[in-house]
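Just below is one structure, and these are the notes that go with it.
The values are calculated or read from the model by the stated rules, or taken from the named source; none is laboratory data. No experiment lies behind these values; they were computed from the predicted model shown. Neighbour counts run over all protein chains shown; Cβ positions are idealised from the backbone, glycine included.
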Amino acid sequence: MTKITVNPDCGNSPKMIFLKKFNIAFAKGGVDFLIESVTDTITWSIIGDKKIEGKEKFTEVLELMKTQLVSELIVHQIVSHGKAGAVNGVLKMQNGKTYAFSDFYEFNSAKGLKIKSIASYIIQI
């Protein structure tokens with residue numbers, strides 16, 4: 001079971017609540033929710049590693065990542081403004097590795113909750 005710790009200030013707007021749910025789904029392997037939450041033309045740039053383009057490739061990568069089990073997700077901050085949002089925190093994996101991450105999101109519109117692009121910065125700590 002994945003332990004989830006989210007700073008209590010991370011949830012005072014619909015987009016912040018959505019990004020919290022999105023990151024929890026990512027940590028728990030909730031592929032269906034993640035796929036429903038992005039546009040067909042999603043672009044996910046994992047900085048320094050790869051760029052995933054399109055919902056089909058996004059789905060393939062998520063399915064592969066499901067095997068990397070997360071033991072704990074710690075969310076330090078969630079911010080949103082207009083079409084943009086960001087989340088930073090720590091992922092502790094069941095294999096003993098720990099990663100710090102910052103994800104930057106662009107939504108399809110200022111009022112929309114479909115993610116158009118993600119830029120992820122991940123470092124092992």
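Do you know which residues across segment 76-112 are exposed (fewer than 15 other Cβ atoms within 10 Å of the Cβ), among the hydrophobic types (A, V, I, L, M, F, W, C) and within 14 Å of the chain's Cα centre (by Cα)?
Residue satisfying the conditions is Ala84 alone.
Looking only at segment 11-42, filter to residues that are over 17 Å from Ile115 (Cβ atoms) and not in a helix (DSSP H, G or I); which one of those is modelled with the highest pLDDT?
For segment 11-42, the residue satisfying everything is Gly29.
If a residue has to be of a type in the set (Val, Ile, Thr), out of contact with any helix residue (DSSP H, G or I) (no Cβ under 8 Å at 6 or more places or on another chain) and under 24 Å from Met93 (Cα atoms) to count, how many in segment 29-66 make the cut?
Qualifying residue count for the region: 3.
Conditions: (1) surrounded by 15 or more Cβ atoms within 10 Å (Cβ to Cβ); (2) under 23 Å from Asn7 (Cβ atoms); (3) in contact (Cβ under 8 Å) with a residue 40 or more places away in the chain; (4) out of contact with any His (no Cβ under 9 Å at 6 or more places or on another chain). Tyr121 meets all but one. Number of the miss?
So Tyr121 meets the others, but not (1).
Evaluate the following for Asn23: is it within 13 Å of the chain's Cα centre (by Cα), polar (S, T, N, Q) and buried (at least 16 other Cβ atoms within 10 Å of the Cβ)?
In short, yes.
Looking only at segment 62-75, count every residue that is within 15 Å of Phe22 (Cβ to Cβ) and either in contact (Cβ under 8 Å) with a residue 60 or more places away in the chain or surrounded by 15 or more Cβ atoms within 10 Å (Cβ to Cβ) (or both) and tell me the total.
Residues flagged as within 15 Å of Phe22 (Cβ to Cβ) and either in contact (Cβ under 8 Å) with a residue 60 or more places away in the chain or surrounded by 15 or more Cβ atoms within 10 Å (Cβ to Cβ) (or both) within segment 62-75 amount to 4.
Among the residues of segment 91-102, is there at least one that is touching a residue at least 24 places away in the same chain (Cβ under 8 Å), assigned to a loop (DSSP other than H, G, I, E, B), of a type outside the set (A, V, I, L, M, F, W, C) and more than 17 Å from Met1 (Cα to Cα)?
no
Of all the residues that make up segment 76-107, how many are more than 24 Å from Met16 (Cα to Cα) and charged (D, E, K, R)?
1
What number goes with the only condition from (1) farther than 29 Å from Asn12 by Cα; (2) in a strand (DSSP E or B); (3) modelled with pLDDT under 95 that Ile52 does not pass?
(3)
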